[in-house]
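Here's the structure, in structure tokens; my notes come after.
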Amino acid sequence: MENYKYHMAAHDGNYDVVKDAILNDGKLITKKDDSGRMVLHWACVGGSKDLVEMLIEHGAELDTADETGWTPLICAACAGKLWVVRLLVGRGAVINVQNDGGHSPLQYAASKNHKEVLSYLLEGGSDINMRDKRGATALHRAASQGHVASVALLLQQGHSNCNLRDSQGNTPLHLACEEERTDVARLLLEAGADDAILNNEGKTAPQVIPNSLPKRDIPGLGNFYPSK
């Protein structure tokens, strides 16, 4: 890792170390590590706003992707670094960028339950119904993880379509039921989720609820019984 010590210094927020290195060798700005990440990527993961700003001022490219398509903005959103996200978007970073898996900054903020980042990205014009390579939206990801606050934001602030089906035919309600996310299931039902939609296996959301979870625990699904 000696060759990439400044990448790690950026991750750790060592402003003076990184700045001195860049002033000594400007090529460090574009140098990539074994995963294709530049110093800016790691600074965004670490969350030092001042360091990120300095790197941008010295010519770091905002939308350069690593070997799997992660841009600095995706890194910052996934790490929950609100002020870095705000800085990158304010400087013109592509907000609806997707990595090789089709995942966007909004989807990572939702799946990690970074509520402030999620709210900011929604206000900034993120495509709330953008799909990843498996056809999942940010709402699918938040619902499957049981993140009540993120699901509420997506439904209330973003007006997310709660009945979109992923590549397996599952709606967010299917995923919430399958993972026993009862509070999320309630929110989705209140928002108009259709519990009669069939997935690719011909099952409705109530029919994928595991035997371990009584249907009565989810108001609105009480007339259904476990499928297993």
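Throughout, read-outs are computed from the coordinates displayed, never taken from laboratory work. All figures in this text were calculated on a predicted structure; none of them were measured in a lab. Methodologically, a virtual Cβ is constructed for each residue, glycine included, from the backbone with ideal geometry; neighbour enumeration extends over all protein chains shown.
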Exercise for the section: For region 133-203 and region 1-75, compute the distance between their C-alpha centroids and round to whole Å. Expected result: 36 Å
Problem - region 44-96: GluC sites (Glu not before Pro) in DSSP coil with no more than 16 other Cβ atoms inside 10 Å - result: E61, E67
Problem - Two-site label geometry, L23 and E201: point separation in nm, points 7 Å out along Cα→Cβ - result: 6.1 nm
Completion exercise
As straight-line cross-link partners of K49, the qualifying lysines (C-alpha separation under 24 Å, not fewer than 8 residues apart within one chain) are K5, K19, K27, K31, K32, K81, K112, K115
Exercise for the section: Compute the length gained on full extension between Y15 and V94: take 0.36 nm times their separation in residues and subtract their Cα-Cα distance, giving the result in nm to one decimal. Expected result: 25.9 nm
Completion exercise
A correct Stokes-Einstein calculation for region 98-228, using the alpha-carbon Kirkwood radius, 20 °C and 1.002 mPa s, returns a whole-number D in µm² s⁻¹ of 148 µm²/s
Completion exercise
Quick note on T171, T64, ordering by fewest other C-beta atoms within 10 Å, gives T64, T171
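Okay, helix-only estimate at 222 nm for the chain: each DSSP H run of n ≥ 4 adds -39500 (n - 2.57), divide by all residues, round to 500 deg cm²/dmol; what do you get?
Numbers: 12 runs with 100 residues, N = 228.
For the chain, the value works out to -12000 deg cm²/dmol.
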Problem - Size of the chain as Cα extents on the principal axes (Å, biggest first) - result: 70, 30, 23
Problem - Residue-span extension gain [K133 to M54] - 0.36 nm each, minus C-alpha spacing - result: 25.0 nm
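Which of K19, K49 comes first, and how do the rest follow, when ranked by fewest Cβ neighbours within 10 Å? The partial results should precede the final answer.
On the way: K19 15, K49 19.
Listed from fewest to most nearby Cβ atoms, that is K19, K49.
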Exercise for the section: Calculate one ³J(HN,Hα) per residue across region 154-167 by plugging θ = phi - 60° into the Karplus curve 6.51 cos²θ - 1.76 cosθ + 1.60, and present them in order as whole Hz with x for glycine and proline. Expected result: 5, 7, 8, 7, x, 6, 5, 6, 7, 10, 5, 9, 7, 5
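If eta is 1.002 mPa s and T is 20 °C, what Stokes-Einstein diffusion coefficient results for region 1-94, Kirkwood Rh from Cα pairs, in µm²/s? Spell out each step's value before the answer.
On the way: Rh = 12.6 Å.
Using the Kirkwood radius from Cα pairs, D works out to 170 µm²/s.
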Handout entry: More than 15 angstrom apart: percent of Cα pairs within region 29-75
Key = 31 percent
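Loop only by DSSP, 12 or fewer other Cβ within 10 Å of the Cβ. Give me the GluC sites (Glu not before Pro) in region 161-214 that pass, ordered by residue number.
E201
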Problem - Derived scalar couplings ³J(HN,Hα) [region 195-208; Karplus, 6.51 cos²θ - 1.76 cosθ + 1.60; whole Hz; x for Gly, Pro] - result: 7, 9, 5, 9, 8, 5, 8, x, 10, 7, 4, x, 7, 9
